[in-house]
1. Sort 63-73, 48-58 by the packing proxy (mean of other Cβ within 10 Å over each peptide's residues), most packed first.
2. Return the lysines within reach of residue 88: Cα separation strictly under 24 angstrom, same-chain partners fewer than 8 residues apart disregarded; answer none if there are no such residues.
3. Using per-residue counts of other Cβ atoms within 10 Å, averaged over each peptide, order 41-47, 79-85 from highest down.
Amino acid sequence: MLARQFGQRLIRQHFGSTASLAKSSDYGAGEGKTQAVALASAKFDTLKVYLRLAVHEHCLEEKVYLKIFPHLGTIGTMLGGWLRETNKSQPKT
């Protein structure tokens, strides 16, 4: 039971901070927006590693991971696209 609660808390805390970073990047401009999206992408990559570890250590049921796995790919694709777009709009120095 404790392991399951840990897995659920991990998802809520980490995903919530990643989502708030991504949302705040909508309102930024220039370098600040690029940094916010890059940080959201890095936090999301960390979340994916934690999720895999949680499944491996039986803190998160595999069926739960398999249920959210397609969504993780979609979110990663979106973050990658935003990161490429913000990097493209940055002037080269």
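1. Taking the mean over residues of other Cβ atoms within 10 Å, the ranking is 48-58, 63-73.
2. Candidates past the 8-residue exclusion: 23, 33, 43.
3. In decreasing order of mean packing, 41-47, 79-85 become 41-47, 79-85.
Every read-out reported here was derived from the displayed coordinates using simple, explicitly stated rules and does not represent laboratory data. Please read all numbers here as calculations on a predicted model, not as lab measurements. Heads up, the Cβs are rebuilt from the backbone with ideal geometry, glycines too, and the neighbour counts pull from every protein chain shown.
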